[in-house]
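The values are calculated or read from the model by the stated rules, or taken from the named source; none is laboratory data. The shown structure was predicted, so the numbers you read here are calculated from the model rather than taken from an experiment. Don't worry about glycine lacking a Cβ; one is built from the backbone with ideal geometry, like all the others, and counts go over all protein chains shown. These area figures cover heavy atoms from the full protein model, side chains too; ligands, DNA and RNA do not enter into them. Shrake-Rupley method; radii C 1.70, N 1.55, O 1.52, S 1.80 Å.
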Amino acid sequence: MAELKGKVAIVTGASSGIGEATALELARAGADVVLAARRTDRLEKLAATIGRETGAQSLVVPTDVTKRSDVEQLVEKTKERFGRVDILVNNAGVMLLSYLKNDHVDEWERMVDVNIKGVLFGVHAVMPTMLEQGSGHIVNVSSVAGHEIFPSAAVYCATKFAVRAFSEGIEKELSRLGIRVTNISPGAVATELTQHITDQEVRDTFLKGSKDMVFLDAADIAAAVVYAVSQPEHVNVNEVIVRPVQKK
Ligand code: NDP
(Lines give C-alpha, C1' and ligand atoms only; values in the text may rest on other atoms or scores of the structure.)
Protein backbone atom coordinates (compact mmCIF):
# COMPACT_ATOMS: atom_id res chain seq x y z
CA MET A 1 0.00 0.00 0.00
CA ALA A 2 1.79 3.16 -1.13
CA GLU A 3 -1.06 5.37 -2.30
CA LEU A 4 0.28 8.33 -0.29
CA LYS A 5 3.83 8.15 -1.69
CA GLY A 6 5.18 11.68 -2.17
CA LYS A 7 2.65 13.22 0.24
CA VAL A 8 3.64 15.04 3.41
CA ALA A 9 1.39 14.78 6.48
CA ILE A 10 1.50 16.64 9.79
CA VAL A 11 -0.15 14.91 12.76
CA THR A 12 -0.69 16.80 16.02
CA GLY A 13 -0.95 14.80 19.22
CA ALA A 14 1.25 12.11 17.66
CA SER A 15 2.78 11.10 20.99
CA SER A 16 -0.02 8.69 21.93
CA GLY A 17 -3.35 7.10 21.06
CA ILE A 18 -5.11 8.05 17.85
CA GLY A 19 -2.41 10.49 16.69
CA GLU A 20 0.37 7.95 17.14
CA ALA A 21 -1.57 5.25 15.29
CA THR A 22 -2.54 7.68 12.53
CA ALA A 23 1.03 8.83 11.93
CA LEU A 24 2.18 5.22 11.70
CA GLU A 25 -0.63 4.26 9.33
CA LEU A 26 -0.02 7.29 7.09
CA ALA A 27 3.66 6.33 6.94
CA ARG A 28 2.72 2.73 6.09
CA ALA A 29 0.61 4.15 3.26
CA GLY A 30 3.71 5.93 1.93
CA ALA A 31 3.44 9.47 3.34
CA ASP A 32 6.33 11.28 5.00
CA VAL A 33 5.10 12.34 8.42
CA VAL A 34 5.72 15.23 10.78
CA LEU A 35 5.14 14.30 14.40
CA ALA A 36 3.93 17.08 16.72
CA ALA A 37 3.18 17.07 20.46
CA ARG A 38 4.86 18.14 23.71
CA ARG A 39 6.35 14.77 24.80
CA THR A 40 9.27 14.60 22.39
CA ASP A 41 10.72 11.40 23.88
CA ARG A 42 7.62 9.57 22.69
CA LEU A 43 7.71 11.27 19.30
CA GLU A 44 11.35 10.20 18.86
CA LYS A 45 10.38 6.61 19.67
CA LEU A 46 7.61 6.72 17.09
CA ALA A 47 9.97 8.24 14.53
CA ALA A 48 12.35 5.32 15.12
CA THR A 49 9.50 2.82 14.64
CA ILE A 50 8.42 4.55 11.43
CA GLY A 51 11.99 4.46 10.17
CA ARG A 52 12.28 0.77 10.98
CA GLU A 53 8.88 -0.42 9.76
CA THR A 54 8.15 1.79 6.74
CA GLY A 55 10.14 3.42 4.00
CA ALA A 56 8.78 6.82 5.02
CA GLN A 57 10.71 9.76 6.44
CA SER A 58 9.63 11.49 9.61
CA LEU A 59 10.38 14.73 11.41
CA VAL A 60 9.78 15.45 15.10
CA VAL A 61 8.68 18.98 15.95
CA PRO A 62 8.01 19.76 19.64
CA THR A 63 4.70 21.61 19.59
CA ASP A 64 2.21 22.97 22.09
CA VAL A 65 -0.89 23.53 19.96
CA THR A 66 -2.21 26.17 22.40
CA LYS A 67 0.68 28.42 21.29
CA ARG A 68 0.06 29.99 17.92
CA SER A 69 3.78 30.55 17.31
CA ASP A 70 4.52 26.85 17.97
CA VAL A 71 1.97 25.79 15.37
CA GLU A 72 3.27 28.32 12.84
CA GLN A 73 6.77 26.99 13.45
CA LEU A 74 5.51 23.42 12.97
CA VAL A 75 4.42 24.27 9.44
CA GLU A 76 7.59 26.29 8.74
CA LYS A 77 9.82 23.38 9.79
CA THR A 78 7.75 20.98 7.70
CA LYS A 79 8.25 23.18 4.65
CA GLU A 80 11.97 23.59 5.33
CA ARG A 81 12.39 19.81 5.40
CA PHE A 82 9.84 18.59 2.85
CA GLY A 83 8.90 21.69 0.82
CA ARG A 84 5.13 21.17 1.08
CA VAL A 85 2.21 20.11 3.30
CA ASP A 86 -0.44 17.84 1.80
CA ILE A 87 -2.27 16.66 4.92
CA LEU A 88 -2.80 18.22 8.34
CA VAL A 89 -4.41 16.01 10.98
CA ASN A 90 -5.60 18.27 13.81
CA ASN A 91 -5.83 15.51 16.40
CA ALA A 92 -4.35 16.87 19.66
CA GLY A 93 -7.03 17.04 22.33
CA VAL A 94 -7.88 16.64 25.99
CA MET A 95 -11.06 15.34 27.65
CA LEU A 96 -11.07 16.66 31.21
CA LEU A 97 -14.54 15.55 32.21
CA SER A 98 -15.96 17.13 35.37
CA TYR A 99 -19.34 17.89 36.89
CA LEU A 100 -20.29 21.56 36.61
CA LYS A 101 -20.93 21.87 40.36
CA ASN A 102 -17.26 21.00 40.96
CA ASP A 103 -16.26 24.08 38.94
CA HIS A 104 -13.06 22.90 37.23
CA VAL A 105 -12.82 26.18 35.36
CA ASP A 106 -9.08 25.86 34.67
CA GLU A 107 -9.76 22.58 32.89
CA TRP A 108 -12.62 24.15 30.88
CA GLU A 109 -10.14 26.75 29.72
CA ARG A 110 -7.54 24.13 28.83
CA MET A 111 -10.06 22.16 26.76
CA VAL A 112 -11.02 25.31 24.86
CA ASP A 113 -7.33 26.13 24.31
CA VAL A 114 -6.25 22.67 23.10
CA ASN A 115 -9.39 21.35 21.41
CA ILE A 116 -10.63 24.53 19.73
CA LYS A 117 -7.79 27.04 19.53
CA GLY A 118 -5.30 24.29 18.66
CA VAL A 119 -7.41 23.35 15.63
CA LEU A 120 -7.87 27.00 14.58
CA PHE A 121 -4.13 27.63 14.84
CA GLY A 122 -3.44 24.54 12.74
CA VAL A 123 -5.72 25.72 9.95
CA HIS A 124 -4.34 29.26 10.17
CA ALA A 125 -0.75 28.02 9.94
CA VAL A 126 -1.23 25.65 7.03
CA MET A 127 -3.63 27.73 4.94
CA PRO A 128 -1.12 29.92 3.01
CA THR A 129 0.84 26.82 1.94
CA MET A 130 -2.23 24.86 0.85
CA LEU A 131 -3.64 27.88 -1.00
CA GLU A 132 -0.35 28.34 -2.81
CA GLN A 133 -0.25 24.64 -3.70
CA GLY A 134 -3.92 24.74 -4.77
CA SER A 135 -4.33 21.48 -2.89
CA GLY A 136 -4.31 20.02 0.59
CA HIS A 137 -6.37 18.02 3.04
CA ILE A 138 -7.33 19.08 6.56
CA VAL A 139 -8.55 16.36 8.92
CA ASN A 140 -10.08 17.55 12.18
CA VAL A 141 -10.65 15.04 14.97
CA SER A 142 -13.98 15.83 16.64
CA SER A 143 -15.88 13.06 18.44
CA VAL A 144 -19.30 11.49 18.85
CA ALA A 145 -19.24 14.05 21.68
CA GLY A 146 -19.56 16.56 18.84
CA HIS A 147 -22.94 14.98 18.05
CA GLU A 148 -24.28 13.96 21.48
CA ILE A 149 -24.01 15.51 24.94
CA PHE A 150 -23.67 13.63 28.20
CA PRO A 151 -23.35 14.64 31.89
CA SER A 152 -19.86 15.73 33.01
CA ALA A 153 -19.04 16.60 29.40
CA ALA A 154 -20.78 19.94 28.80
CA VAL A 155 -17.52 21.75 28.06
CA TYR A 156 -15.80 18.82 26.29
CA CYS A 157 -18.87 18.36 24.07
CA ALA A 158 -18.99 22.12 23.44
CA THR A 159 -15.40 21.99 22.16
CA LYS A 160 -16.12 19.00 19.93
CA PHE A 161 -19.34 20.56 18.57
CA ALA A 162 -17.17 23.61 17.81
CA VAL A 163 -14.64 21.48 15.93
CA ARG A 164 -17.42 19.90 13.87
CA ALA A 165 -19.02 23.29 13.13
CA PHE A 166 -15.62 24.69 12.15
CA SER A 167 -14.97 21.70 9.87
CA GLU A 168 -18.30 22.22 8.12
CA GLY A 169 -17.65 25.95 7.86
CA ILE A 170 -14.21 25.71 6.31
CA GLU A 171 -15.34 22.96 3.95
CA LYS A 172 -17.85 25.39 2.44
CA GLU A 173 -15.04 27.83 1.58
CA LEU A 174 -12.08 25.57 0.86
CA SER A 175 -13.53 22.98 -1.50
CA ARG A 176 -13.63 25.50 -4.36
CA LEU A 177 -9.96 26.31 -3.64
CA GLY A 178 -8.87 22.69 -4.00
CA ILE A 179 -8.55 21.95 -0.29
CA ARG A 180 -10.42 19.01 1.16
CA VAL A 181 -11.78 18.84 4.72
CA THR A 182 -12.66 15.76 6.73
CA ASN A 183 -14.23 15.76 10.18
CA ILE A 184 -13.67 12.48 12.02
CA SER A 185 -15.94 11.63 14.94
CA PRO A 186 -14.72 8.60 16.89
CA GLY A 187 -16.75 6.83 19.53
CA ALA A 188 -14.95 5.38 22.55
CA VAL A 189 -11.34 4.47 21.73
CA ALA A 190 -8.93 2.80 24.16
CA THR A 191 -6.25 5.48 24.68
CA GLU A 192 -4.79 7.58 27.49
CA LEU A 193 -7.55 10.18 27.09
CA THR A 194 -9.44 9.39 30.32
CA GLN A 195 -6.28 9.15 32.42
CA HIS A 196 -6.09 12.92 32.74
CA ILE A 197 -9.53 13.31 34.37
CA THR A 198 -9.11 14.80 37.86
CA ASP A 199 -12.74 15.04 39.04
CA GLN A 200 -12.98 12.17 41.54
CA GLU A 201 -16.78 11.92 41.16
CA VAL A 202 -16.38 11.41 37.43
CA ARG A 203 -13.65 8.86 37.99
CA ASP A 204 -15.95 7.02 40.45
CA THR A 205 -19.02 7.05 38.16
CA PHE A 206 -18.17 7.51 34.48
CA LEU A 207 -14.97 5.51 34.48
CA LYS A 208 -16.39 2.65 36.55
CA GLY A 209 -19.49 2.58 34.31
CA SER A 210 -17.34 2.32 31.21
CA LYS A 211 -15.76 -0.94 32.36
CA ASP A 212 -18.44 -2.94 30.49
CA MET A 213 -18.14 -0.92 27.30
CA VAL A 214 -16.47 -2.09 24.13
CA PHE A 215 -13.73 0.24 22.87
CA LEU A 216 -12.28 0.80 19.42
CA ASP A 217 -8.53 0.59 18.89
CA ALA A 218 -6.64 3.72 17.89
CA ALA A 219 -5.74 1.84 14.70
CA ASP A 220 -9.44 1.75 13.75
CA ILE A 221 -9.51 5.55 13.63
CA ALA A 222 -6.14 5.67 11.86
CA ALA A 223 -7.65 3.46 9.15
CA ALA A 224 -10.56 5.90 8.76
CA VAL A 225 -8.13 8.82 8.35
CA VAL A 226 -6.10 6.94 5.75
CA TYR A 227 -9.32 6.03 3.92
CA ALA A 228 -10.40 9.70 3.76
CA VAL A 229 -7.05 11.07 2.59
CA SER A 230 -6.43 8.28 0.05
CA GLN A 231 -9.47 9.00 -2.11
CA PRO A 232 -9.01 10.41 -5.62
CA GLU A 233 -8.46 14.21 -5.70
CA HIS A 234 -12.07 14.94 -6.71
CA VAL A 235 -13.52 13.02 -3.71
CA ASN A 236 -14.08 15.03 -0.52
CA VAL A 237 -14.98 12.79 2.44
CA ASN A 238 -16.45 15.39 4.78
CA GLU A 239 -17.71 13.43 7.78
CA VAL A 240 -16.78 10.06 9.20
CA ILE A 241 -18.36 8.67 12.38
CA VAL A 242 -16.84 5.47 13.78
CA ARG A 243 -18.46 3.77 16.77
CA PRO A 244 -17.62 0.42 18.38
CA VAL A 245 -20.13 -2.41 18.11
CA GLN A 246 -21.37 -2.92 21.67
CA LYS A 247 -21.29 -6.70 21.60
CA LYS A 248 -18.64 -8.63 23.48
P1 NDP B 1 -4.47 10.62 24.09
O2 NDP B 1 -4.55 11.22 25.45
O3 NDP B 1 -3.89 9.27 23.94
O4 NDP B 1 -3.70 11.60 23.11
C5 NDP B 1 -3.86 12.99 23.16
C6 NDP B 1 -2.75 13.63 22.36
O7 NDP B 1 -2.94 15.06 22.37
C8 NDP B 1 -1.37 13.35 22.94
O9 NDP B 1 -0.48 13.02 21.90
C10 NDP B 1 -0.97 14.67 23.57
O11 NDP B 1 0.44 14.88 23.45
C12 NDP B 1 -1.71 15.66 22.67
N13 NDP B 1 -1.86 16.95 23.32
C14 NDP B 1 -2.56 17.28 24.42
N15 NDP B 1 -2.39 18.58 24.73
C16 NDP B 1 -1.56 19.08 23.78
C17 NDP B 1 -1.00 20.35 23.54
N18 NDP B 1 -1.26 21.40 24.33
N19 NDP B 1 -0.18 20.52 22.48
C20 NDP B 1 0.10 19.46 21.67
N21 NDP B 1 -0.41 18.24 21.83
C22 NDP B 1 -1.22 18.06 22.88
O23 NDP B 1 -5.97 10.65 23.55
P24 NDP B 1 -6.62 10.20 22.16
O25 NDP B 1 -5.65 9.64 21.24
O26 NDP B 1 -7.81 9.43 22.51
O27 NDP B 1 -7.14 11.62 21.64
C28 NDP B 1 -6.84 12.15 20.36
C29 NDP B 1 -8.03 12.96 19.88
O30 NDP B 1 -9.13 12.09 19.68
C31 NDP B 1 -8.51 14.04 20.85
O32 NDP B 1 -8.82 15.20 20.13
C33 NDP B 1 -9.76 13.42 21.46
O34 NDP B 1 -10.66 14.39 21.91
C35 NDP B 1 -10.29 12.65 20.26
N36 NDP B 1 -11.23 11.58 20.59
C37 NDP B 1 -10.85 10.54 21.38
C38 NDP B 1 -11.78 9.55 21.70
C39 NDP B 1 -11.44 8.42 22.62
O40 NDP B 1 -12.37 7.71 23.06
N41 NDP B 1 -10.17 8.18 22.95
C42 NDP B 1 -13.15 9.58 21.15
C43 NDP B 1 -13.41 10.70 20.33
C44 NDP B 1 -12.49 11.66 20.04
P45 NDP B 1 1.40 15.54 24.56
O46 NDP B 1 0.76 15.34 25.90
O47 NDP B 1 2.68 14.80 24.37
O48 NDP B 1 1.50 16.98 24.14
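Of the heavy-atom accessible surface of the chain (probe 1.4 angstrom), what whole percent is carbon and sulfur? Carbon and sulfur atoms account for 53 percent of the accessible area of the chain. Considering only alpha-carbon pairs that sit under 8 angstrom and 6 or more positions apart, the relative contact order computed for the chain is 20 percent.
Each Lys and Arg Cβ is given +1 and each Asp and Glu Cβ -1; about its Cα centre, region 34-183 then shows a dipole of about 260 debye.
Taking the Cα centre of region 116-248 as reference, the dipole from Cβ charges on Lys and Arg (+1) and Asp and Glu (-1) amounts to some 180 debye. With helices as the sole contributors, the chain gives -12500 deg cm²/dmol at 222 nm; each DSSP H run of n ≥ 4 counts as -39500 (n - 2.57), and the sum is divided by every residue.
What percent do you get for the relative contact order of region 131-248 when only Cα pairs under 8 Å and 6+ apart count? The value is 32 percent. Relative to the dominant Cα principal axis of the chain, helix 118-133 is inclined by about 20°. The order of 109, 132 by accessible area, most exposed first and with a 1.4 Å probe, is 132, 109. In the full protein context, the chain carries 46 Å² of accessible surface per residue, based on a 1.4 Å probe and ignoring ligands, DNA and RNA.
Stretched out fully, how many nm does the piece from residue 76 to residue 198 gain, at 0.36 nm a residue minus the Cα gap? Please report the intermediate quantities before stating the final value.
Values: separation 122, 0.36 × 122 = 43.92 nm, distance 3.55 nm.
Full extension from residue 76 to residue 198 adds 40.4 nm.
Under 8 Å for C-alpha pairs, at least 6 residues apart: give me the relative contact order for region 62-119, rounded to a whole percent.
Working: 37 pairs, mean separation 24.7, N = 58.
Once divided by the residue count of region 62-119, the mean separation gives 43 percent.
Residue 241 exposes around 80 Å² of accessible area when a 1.4 Å probe is run over every protein chain in place.
Computed extension gain for residue 45 through residue 215, at 0.36 nm per residue and net of the alpha carbon distance, reaches 58.7 nm.
The fraction of all Cα pairs in region 170-247 landing in successive 5 Å bins from 0 to the largest distance is 3, 13, 19, 17, 14, 12, 10, 7, 5, 1, given as whole percents. Pairs of Cα atoms in the chain fall into 5 Å distance bins, from 0 up to the last occupied one, in shares of 1, 7, 14, 19, 20, 17, 11, 6, 3, 1, 0 percent. When only the Cβ of Lys, Arg, Asp and Glu is charged (+1, +1, -1, -1), the dipole of region 174-221 relative to its Cα centre reaches about 340 debye.
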